[in-house]
Structures are given as structure tokens and as C-alpha cells.
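*Asks:* Before I ask anything, let me first share the structure, which is written out below as C-alpha cells.
The values are calculated or read from the model by the stated rules, or taken from the named source; none is laboratory data. Just so it is clear, the model here is predicted, and its values are computed rather than measured. Counting neighbours? That spans all protein chains shown, and the Cβs are built from the backbone with ideal geometry, glycine included. Quick note on the areas: whole protein, heavy atoms, side chains included, nothing else; ligands and nucleic acids left out. Shrake-Rupley method; radii C 1.70, N 1.55, O 1.52, S 1.80 Å.
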Amino acid sequence: MAVYEMPQTSARWIKGKLGKRFSTAEAERVYQRILRTYERFACEAPSIGGRKNPMSKNFYGALSAFAYYECMNRDMPPDEITTMCCEMTIMGRRGGQLSRLDLNNALVRRILHALLELRARRLNRHREDGSWNNSWGMRINPLHHKEGISVHLVGCPIADFAKRNGYGELMPYFCEADKAIIEHLGGTLHREHTVADGYEDCDYWIKNKKDRKSTRLNSSHGS
């Protein structure tokens, strides 16, 4: 079975971090050890569809972080773990897209939920027939929110791997990184529960950073 190679953003972050801590030769030696550890993790983990799964990069990015953590002897201060989880995920992503959208606009919400529904159908089909093993499932706005964008991810291969391999202490940092990603994209994430906390799904309720209506009213009063 071909191994899903380490995401370039993860590799770039790891090399940058090692370059600040070690000599050039030592940094390369440690990187190769991390890479071997990652490849072992990727081989041991159930396949979630490889590149055919649009969410695979999230999973293999997490495996990169687990490999780095392992090769740091599982001894990293909380602020460094936070930085790792956030920066590995955000690196290379263009920011601010959500800030240009009114997520309370009915048409915008309908379009975004429809696009997400296309992904949900694919994920759910493979999850149900077992061909992508323990990949995520997806439900679109199951609580019928009237504002913002709502998605629930059912199950979590990252949490499964962490639990099975003794990395559960890292999961709160990965879950918090979701908030940093949404902030980077220009929105805010409102969340009540996660799979890592023992629930069936992780809820994502994404809203604009500010009440756009209030902003427009304030602007008109100031003019």
C-alpha cells in the first residue's frame, strides 16, 4: 500500500522548527527520524481514502504532528504544542475568505450548505460502506440554525489514532486549532462538544466575526 506522503505544509513547519534548534546536519538527522515515524504511523493507520478523500490532508497533517511530538520524546510545553497544531494547519492557507461573506444571508447560507452537502454525500457513502474505514461522516446543519454555517463531523480518525496510540493529551490542542483556522479564514467558531470529549460528533457553527448588520448601521449613523 502506498503511503500518503507527509503534507508539504507539515514538512515545512517541522524543518523550520528543527533548523532553529539544531545544526544543519543534526536537523536533517532528526527530520529523517520524524519522517520514518510518520511513515510508520501512516502505514499502521486504516486508510481513509488517500487523495480521493478531500479531508485526508487533515488526518495526515495530524500524524505529522504526532510524529514530531514522539521524536521530541513527548516532552513539549503547552505553548509549543499549541503553536505546532495551529501553524501546521494554517500554514499555506489563504486567509480572510469568510470575512467577505454575510453568513446570515439566506442565499449565501443556502449556497454554502449545498456545497458542503456534496462533500457530505461522498464522505457518508464511503463511511457507510466501510471503504474509507473510520473517515469522518458529515451532517449539514442538523440543529437547524437560522444564522451562520453549521456542520457536524461524525467520528474522528485523528481522535481514534490518538486514543489507540497514547496521544490523547494532544487532542484538546487539535480541537482548539479548529478555532484558530476559522479565525484565520475570517469567521468565528462556536462549539459545544467534540469526539475527543466522548461525543459522537464535533459541532462546527461558523459565524461572522462581527454582526454585519450592526456594522452597517453604525457606519450609516456615522456618515
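*Asks:* Can you list the lysines whose alpha carbon sits under 21 Å from that of Lys163, skipping same-chain ones fewer than 8 residues off?
*Replies:* Lys57
*Asks:* When the convex hull of the Cα atoms of region 59-209 is projected onto a plane and the area is averaged over all directions, what value comes out in nm²? Don't skip to the answer; put the middle values down first.
*Replies:* Details: hull surface 37.1 nm².
Here the figure is 9.3 nm², rounded to one decimal.
*Asks:* Continuing with the same structure: Quantify, in whole percent, the carbon and sulfur part of the accessible surface of the chain (1.4 Å probe; protein heavy atoms only). Working shown, then result.
*Replies:* Details: 6210 of 12200 Å².
With neighbouring chains kept in place, the figure for the chain is 51 percent.
*Asks:* Computed FRET efficiency, Cβ-Cβ of Ser99 and His193, R0 35 Å: what is it to the nearest 0.05? List each step's numbers first, then the result.
*Replies:* Values: r = 26 Å, r/R0 = 0.76.
Efficiency for this residue pair is about 0.85.
*Asks:* Counting only the backbone N, which residues of region 30-67 are under 11 Å from the spot 7 Å out from the Cα of Met91 toward its beta-carbon?
*Replies:* Once the point is set 7 Å along Cα→Cβ of Met91, 65 turn out to lie under 11 Å by backbone N, inside region 30-67.
*Asks:* Quick check: residue separation of Arg121 and Lys210 times 0.36 nm, minus the Cα distance between them. What number comes out in nm? List each step's numbers first, then the result.
*Replies:* Details: separation 89, 0.36 × 89 = 32.04 nm, distance 3.14 nm.
Extra length from Arg121 to Lys210 when fully extended: 28.9 nm.
*Asks:* Moving on. Measure out, as a whole number of angstrom, how far apart the alpha-carbon centroids of region 100-159 and region 30-69 sit.
*Replies:* 24
*Asks:* Per residue of region 70-85, what does 6.51 cos²θ - 1.76 cosθ + 1.60 with θ = phi - 60° give for ³J(HN,Hα)? Whole Hz please, x for Gly and Pro, Karplus curve as stated.
*Replies:* Per residue, the Karplus-derived 3J(HN,Hα) values read 4, 6, 8, 6, 6, 10, 9, x, x, 5, 6, 5, 4, 4, 4, 5 Hz.
*Asks:* Continuing with the same structure: Relative to the Cα centre, what is the charge dipole magnitude of region 46-155, using +1 at the beta carbon of each Lys and Arg, -1 at the beta carbon of each Asp and Glu, and rounding to the nearest 20 debye? Intermediate results must be reported in sequence, preceding the final value.
*Replies:* Details: 16 positive and 10 negative charges, 149 e Å.
Its charge dipole is roughly 720 debye.
*Asks:* About its Cα centre, what dipole magnitude does the chain give when the only charges are +1 on Lys and Arg Cβ and -1 on Asp and Glu Cβ, stated in debye to the nearest 20?
*Replies:* Details: 35 positive and 26 negative charges, 197 e Å.
My answer is approximately 940 debye.
*Asks:* Find how much the distance from Ala114 to Glu44 grows on full extension, using 0.36 nm per residue of separation minus their present alpha carbon separation; answer in nm with one decimal. Walk me through the numbers on the way to the answer.
*Replies:* On the way: separation 70, 0.36 × 70 = 25.20 nm, distance 3.49 nm.
The span from Ala114 to Glu44 would gain 21.7 nm if fully extended.
*Asks:* For Trp136, what accessible area in Å² do you get when you roll a 1.4 Å probe over the heavy atoms of the protein chains, rounding to the nearest 10?
*Replies:* Solvent-accessible area, nearest 10 Å²: 10 Å².
*Asks:* For Thr194, list long-range residues whose amide hydrogen, built 1.01 Å from N in the peptide plane, is under 5 Å from its own amide hydrogen.
*Replies:* Those lying under 5 Å, H to H, from Thr194 are Tyr199.
*Asks:* Applying the Karplus parametrisation 6.51 cos²θ - 1.76 cosθ + 1.60 with θ = phi - 60° to the phi angles of region 131-143, what ³J(HN,Hα) value in whole Hz is obtained for each residue in order, glycine and proline being reported as x?
*Replies:* So the Karplus estimates, Gly and Pro as x, are 5, 10, 6, 9, 4, 5, x, 8, 10, 9, 6, x, 9 Hz.
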